1. List the pairs whose first member sits in the range 782-796 and is farther than 14 Å from His769 by Cα, whose second member is among the basic types (Lys, Arg), and whose Cβ atoms are under 8 Å apart, counting only residues at least 6 apart or on separate chains?
2. Do we have any residue at all in the range 878-895 that's at pLDDT 80 or above and of a type outside the set (Phe, Trp, Tyr)?
3. With the checklist (1) at pLDDT below 85; (2) surrounded by 24 or more Cβ atoms within 10 Å (Cβ to Cβ); (3) over 20 Å from Val388 (Cβ atoms) in hand, flag the one item Ser457 doesn't pass.
4. Which one of Val867, Val820 is in contact with a strand residue (DSSP E or B) (Cβ under 6 Å, 6 or more places away or on another chain), modelled with pLDDT of 70 or more and among the β-branched types (Val, Ile, Thr)?
5. Being part of a loop (DSSP other than H, G, I, E, B) and farther than 20 Å from Asp630 by Cα is true for just one of Glu740, Glu675, Glu760, Glu671. Which residue is that?
6. Does Leu523 qualify as being out of contact with any strand residue (DSSP E or B) (no Cβ under 6 Å at 6 or more places or on another chain), crowded, with 22+ Cβ neighbours inside 10 Å, of a type outside the set (Ser, Thr, Tyr) and over 30 Å from Leu833 (Cβ atoms)?
7. Give the residue that is surrounded by the fewest Cβ atoms within 10 Å (Cβ to Cβ), with candidates limited to residues of the range 464-490 that are assigned to a helix (DSSP H, G or I) and in contact with a His (Cβ under 8 Å, 6 or more places away or on another chain).
8. Taking Pro831 as the residue in question, decide whether it is farther than 23 Å from Asp791 by Cβ and at pLDDT 90 or above.
Amino acid sequence: MAETAIAAVLSKFGGLAASEAKVLLEVGDDMMLLRDRLEWLQAFLRDADHKRRTGDDRLTRVWVRQMRDVAFEAEDAVDEFFRKVDMEGMGYQRWITWLKKCLLGCWAEIILRHELSGRLEKINSRLHQISENQKEYKVEPTPSATVLTSSTTATSAWRDGYKNAVGFEKEVETLKEMLLGKGRPQLTFISILGESGVGKQTLSRILLHDMEKNKQFDVRVWYNMPSGSTTENLLKQIYKKAGGGGQRRHQPCECECDDDDIEDVLRRHLLANKKYLLILVGISSKTMLNCVRASLPDDNNGSRVVLVLDIENEEVAWHANAMNKTTGISHGLIHHLNRLDQDKSVELFCMRALRTNLSDETTVNSMMSKYREVVYNITSGYPLAIVVLAGLLRFKEKPGQWNAVLQQLRTTSSGPAAADQEAHQQDDQGGHTEEKTMSAPTSTTQAANNQLSTRTSIERVFWASFEDLPNALKSCFLYLAAFPKGTFLSTGSIVRLWMAEGFIRPQKGKTIEELGHDYFKELALRCLVQVSGMNEVGGITNVIVHGRLHGFLHSEAREAGFIDVHDMNDVFVPPSVRRLSFMSFQDGYTTFTNRFCKLRSFICWANEKDSDNSIGSRGRVNNEEERWHDLNFLHGSDLLRVLYISGLRIKELPNEIGNKIHLRYLRVNTEHLKELPASIARLPNLQTLDIRDTEVEEIHPSFWEIKTLRHVIAKKLTLPPSIKEEMGELQTLRGVKPSEEEWDQDNCPLLKMSKLRSLELHGLIGARHGAALITALGQMHLLGHLKLKGDKISCCVFTGERLRYLQTVELDGTVQWPPVAEFNDLRFVRPNLVQLSLTNTNDAPEGIQQELRNAGFVRSYQQLQPVYRLSYRQGGALATKPEQQGEAGSNKMEQQHQGEEAEE
């Protein structure tokens, strides 16, 4: 990761040299010398990192760490220089404007340049000393045998669905027999037990998908419990996902019950809905399992609970089995999931690497014969290692690069893994899977050997895939370690965070956002993230990182000094931290005494419950009502770029936030925040403001003069009556409403936002805003998503000539449908439209419905509201790829059972 840190500094130097050469005139020699040295050293660092991971070379580890620290120091020097330039500027204007106007040659600039020159000189001196030490101690990283350079041979499809799952056919049939077997009407607990990376969650999703198709259970819930969750939160999530409260899928859980009575509420709800299937991932204690069991009804109707457990939680599985015994079930219901044998391993590998259904027997036999032994030797039969290896080879030319990569990985396969592999081959002779009955648990020694084998096979493949990533993508992937394990992440939010950090560099022909989503496609192709949600047009909306990969990211991020991740059991944070992530404040409260002068990002993913600290949902005042958080510890963090606060109880943001002139991303998720400080308008580099979960309705008018704004996401934010300057960078505007004043067709604020790609506007009054809205929409030729809510919706949504990129439309209000004669050209006027949703409005007239059917749209209902979706099976002219429809459909099903709800 030291090479990634150096790459970030070199990228920043290149940008400065191109656009700010005049400012750096006096320090140019020192900067160029530093740049040249870093470029030379970067070439050696990849091999040094490889040597550090594969061995115990302490000298190399020290050298890599020192090189990383030098890169960080250089980045600090440049960032602090331009912060001071900005602060010295008139009215916090951007430094380049200040430069052009009045400060060239002035005394303040001379002082700042002299300071930067002195710092760069010291950095160059330190770099020279590190190089001398390298020679003295003979630190010579040995080049790896194979240069893992990415190619462009990867396929464009990146969704691996349930139908293509290989190696679990027997397991599915065995578990279905356990679930549906006659003679067990009582509530029964079934455990799927196995090592990390053996495919337990994949198997459970396949099982759920099969139960969805067969409709064997009235209620079906799949939940991946994040680490640190309480029993109360688990029960609330089960209640929500079981349809409690009639909530819609993407709304947050708002159970109108306290923690004390959630058990009764859940029990009554499940009794009313008869037979249920709960698949729960991550229960790690017998105490929690007892609480769950006490909250579930047993109506002798064949309800089932499936526990997905890692091998270290085996005692929970045996405890669940003992509970079954008390209900009259005498035999064991613990399904031990083992690794794949050689045949299944190579079959899964070929399916994933070649993207084929293995129908060509000649090709299949040739490929399986060629790679059977080497794939098993490298992966030891772990499905996770197999799919990551296949994802790596998708980016390699076959056969040359394939053979080189496989040979390199095979030569590093030795030690305990080989012995464990031999023992596993003996197990395979008796069959791939086995269902164990009541007997003694697996020995501690065997479990330890299995974990060692996991490290030497799975992590070896992880390292190879990670090293193969481009530097920018390495930083993006590592950034996912900032979020809790088992969290379903919104790709839109993550891309905006990557942008703020500067990980994505502009390219001609694509926006930064498009490049960011391309990064996610590549990570999905490499099987480093799992796609868990897709939108109507086939784009990735949500992903999740496998728990084993998440642990790898944490290890790499910590080793590289990339990000510090803490929870309430680990609150010491060094003052030099550059990125800080807190996972939960659920069980405690802390204050920071340090000032973090190097901090670039603060991410807080909290789960504070109002029932603990404030007025409860029923009006009860708790003892800790006045406990509120503040952000005063950030006062010294002048280099801050990202501020992401989710779940903390915050009444206000400090006014000093306007001094964080490097801030590019600001998200605050708390219902207690009702206003923003006026100083927010002084943030000259702000790209994203996300206040969707707050009660903020007004913002200082000068906020809309920030030229760098790209995404404004709110819930009920009022737009100003007019905006003076063109907002040429703004792409997303959601959760906003017009002011009470009538819009002028020549001065409507939307007229200054012609580059919008997503617009969600509510509170429209046709008499006040309709005409101006029509004019503004006529200029938004890039708009892809439109959501309007008001008393009247103009027919220009369907007939306007400029909205040709429009893909999804959501209308809430009386629609003024155009005449059928004007609507029959829809496929030409709206060639990219794939979905039309109608809420609280009049349905389309029959003639227009017929035209929609002719264009390939099919009507369905969601929450009793009509939705028209383009059907690829109908052969509509607007279809793009038939497989995307099936993929999107499967993802919609999967989102109903996610552990943590996606944000978007």
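The values are calculated or read from the model by the stated rules, or taken from the named source; none is laboratory data. Being a predicted model, the structure only gives us computed values, none of them experimental. All Cβ positions, even for glycine, are placed from backbone atoms using ideal geometry, and neighbour counts span all protein chains on display.
1. So the pair list comes out as Leu782/Lys755; Leu782/Arg757; Leu783/Arg757; Gly784/Arg757; His785/Arg757; Lys787/Arg734.
2. Filtering the range 878-895 down to residues at pLDDT 80 or above leaves none.
No, the range 878-895 has no match at all.
3. That leaves (3) as the condition not met.
4. On the way: Val820 fails: in contact with a strand residue (DSSP E or B) (Cβ under 6 Å, 6 or more places away or on another chain).
Answer to the selection: Val867.
5. Details: Glu675 fails: farther than 20 Å from Asp630 by Cα; Glu760 fails: part of a loop (DSSP other than H, G, I, E, B); Glu671 fails: farther than 20 Å from Asp630 by Cα.
The unique qualifying residue is Glu740.
6. Values: out of contact with any strand residue (DSSP E or B) (no Cβ under 6 Å at 6 or more places or on another chain): yes; crowded, with 22+ Cβ neighbours inside 10 Å: yes; of a type outside the set (Ser, Thr, Tyr): yes; over 30 Å from Leu833 (Cβ atoms): no.
Answer is no for this residue.
7. Keep residues of the range 464-490 that are assigned to a helix (DSSP H, G or I), which gives 464-468, 471-482.
Within this subset, residues satisfying the condition of being in contact with a His (Cβ under 8 Å, 6 or more places away or on another chain) are 467, 480-481.
Values: Glu467: 17, Leu480: 22, Ala481: 23.
Top of the filtered list is Glu467.
8. Working: farther than 23 Å from Asp791 by Cβ: yes; at pLDDT 90 or above: yes.
Criteria met by Pro831.
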